[in-house]
Every structure is written in structure tokens, then in C-alpha cells.
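**Student:** Mind having a look at this structure? Questions to follow.
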Amino acid sequence: MRWALASTGSAHHYWHIDANGFGTFVRVESGLKLWYLAHPKSGSFEDFATVEIFTDGYTLHKSNKSLWDVELVVLEPRDIL
């Protein structure tokens, strides 16, 4: 299965996990893509197996820095992540 996203400048979406076990890759055709990578501060990737990681103290419109360690990746044209 493949799909594509296209947007105008300054488009954004809120935090989410790409679901259903599909591998996700991004290839930038033009412009820039800011991709945030986050992992639980608890250090346990098993936390991703529960919905509580997005309910207990989680705020959709905020960075939730108390729950997550976050890194920013800047992708330019022809970059693939």
C-alpha cells in the first residue's frame, strides 16, 4: 500500500503514530519537512503498546516534554527518512 501527501506552505498536523504496523517513509520532493521523532522518557518502547501513553497527562496541542524525549529532523528535497 502506498499513499502520498501534498500540502501548501506552513501546513502542519498534530502528534500521531503511524498505525497498523506499516513502515513509513518520507521522500521530500520540494520545500522542507520538519519531522519530530519522539520516544517515551520512561525508556520503555512497550509503552507504545498502551493507549495510556496518549491519555495520562497528554495534551494534544502541546509538546508534552514531560512525557517524551523529542528530536527534530529537517528534510530537504531528495531526502528520504
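The values are calculated or read from the model by the stated rules, or taken from the named source; none is laboratory data. These numbers were taken from a predicted model, which means no experiment stands behind them. Virtual Cβ from ideal backbone geometry, glycine too; neighbours counted across all protein chains shown. Calculation scope for accessible area: heavy atoms of the full protein, side chains included, ligands and nucleic acids excluded. Shrake-Rupley method; radii C 1.70, N 1.55, O 1.52, S 1.80 Å.
**Student:** At q = 0.21 Å⁻¹, what base-10 log of I(q)/I(0) does the Debye formula yield for the chain when every alpha carbon is treated as an equal point scatterer in vacuo?
**Tutor:** -1.17
**Student:** For the chain, what is the accessible area per residue in Å² when the probe is 1.4 Å? Mind showing how you got there, number by number?
**Tutor:** Working: 6910 Å² over 81 residues.
Using a 1.4 Å probe on heavy atoms only, each residue of the chain averages 85 Å².
**Student:** Starting from the Cα-Cα distance between residue 12 and residue 35, subtract it from 0.36 nm times their residue separation and give me the gain in nm to one decimal.
**Tutor:** 7.2 nm
**Student:** Between residue 76 and residue 5, with labels modelled 7 Å along Cα→Cβ, what's the label distance in nm to one decimal, could you check?
**Tutor:** Rounded to a tenth, the inter-label distance reads 2.2 nm.
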